[in-house]
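Have a look at the structure below before the remarks.
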């Protein structure tokens, strides 16, 4: 019996590094206390874990101060904090058709509840957005530009640096959804002129589920309003939420076991090097893309092999529903993939894949191997041999 192959890392990375499992287990068994809620040794140790995680994330994305990293329950939570916390009635937002529902749905809520208007910038056939079109969409009342860094559908990496330059010729703030790029690509929020960067910690960052963060540049700290208030373990004599970072946005107990895993994951990424991981997975992705391209019933979506892209490969098989292909891969070949719209309906509409039910997606991480890629190509060759039509 063959070993299962996990190709759904764009949803959550698996397996995690062994050090991540060990860190979570050590906290649960040996520490157990909440962070910032006491002066005894276990509580102090929990606090130190949180600060290790905060410093690790800050280091990975080039933040000046660890306090600029606010921990959230996931990437969606971070995006909601950024969007709902910044927008005011009558504001205008520029975003793209490539966005995940974690951006699209909060914006729809703001449009309905606060009379916020939204402009959706289109993409080309590879899923890439033009910085010039983003700049052209800016209006006098544009308060926020929200753009994903890398697509969870096409693997396209957006020209964030050029977009950042365009945005900062205007008073608008620049929000980047880095769900698919943190831990996969080198990132520097300073050079990219990013005001707010949101990401989960359970994908490329290799932490446990239920963890995420929002980077907040000092210039937008006062404009960003918290979505909840409560205990922080600081300024407890006041019934007003603290204004200092990170306490302003971290009401309630943090997920300390999860963040212990994030701290260990950051150490792992620093040791392995994000640049090296990207290069290794990039080689596997090129092999996968070239192999799929040789199968006539297969159509691939996104930038071609050899270009700047993520290890996310979406494709369709002529005459098959994407869900059927994914089910067959799982049942017959023990390959875990993702099929459907991937929570990015506007992008599938732009690609012409919405009516066919989306695409099949393979997404790789540091743990995948050349042998697994070759097994997946053998499986797809077997499936395509049954096809009577070509893509």
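Below is a table of values for the structure above.
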| quantity | calculated |
| --- | --- |
| Flag for residue 197 being in a loop (DSSP other than H, G, I, E, B), closer than 29 Å to residue 159 by Cα and at pLDDT 85 or above | no |
| Within the stretch 57-83, tally of residues that are within 30 Å of residue 348 (Cα to Cα) and in contact with a helix residue (DSSP H, G or I) (Cβ under 6 Å, 6 or more places away or on another chain) | 5 |
| Residue among 3, 13 that alone is over 14 Å from residue 254 (Cα atoms) and under 25 Å from the mean Cα position of the chain (by Cα) | 13 |
| Selection count, the stretch 84-103, where residues are in a helix (DSSP H, G or I), out of contact with any strand residue (DSSP E or B) (no Cβ under 7 Å at 6 or more places or on another chain) and more than 14 Å from residue 152 (Cα to Cα) | 2 |
| Candidate set: the stretch 150-165, residues that are surrounded by fewer than 24 Cβ atoms within 10 Å (Cβ to Cβ) and touching a strand residue (DSSP E or B) at 6+ places or on another chain (Cβ under 9 Å); chosen: the one nearest to residue 304 (Cα to Cα) | 157 |
| Sole residue being surrounded by fewer than 18 Cβ atoms within 10 Å (Cβ to Cβ), in contact with a helix residue (DSSP H, G or I) (Cβ under 7 Å, 6 or more places away or on another chain) and closer than 14 Å to residue 73 by Cβ, chosen from 214, 227 | 227 |
| Scope the stretch 329-346; condition crowded, with 20+ Cβ neighbours inside 10 Å and either assigned to a helix (DSSP H, G or I) or modelled with pLDDT under 95 (or both); matching residues | 329, 346 |
| Residues satisfying the stated conditions in the stretch 105-141, i.e. touching a helix residue (DSSP H, G or I) at 6+ places or on another chain (Cβ under 6 Å), part of a helix (DSSP H, G or I) and closer than 17 Å to residue 159 by Cβ | 131, 134, 135 |
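The values are calculated or read from the model by the stated rules, or taken from the named source; none is laboratory data. Since the structure is predicted, the reported quantities are computational estimates derived from the model, not experimental observations. Cβ coordinates were reconstructed from backbone atoms using ideal geometry, including for glycine residues, and neighbour counts include every protein chain displayed.
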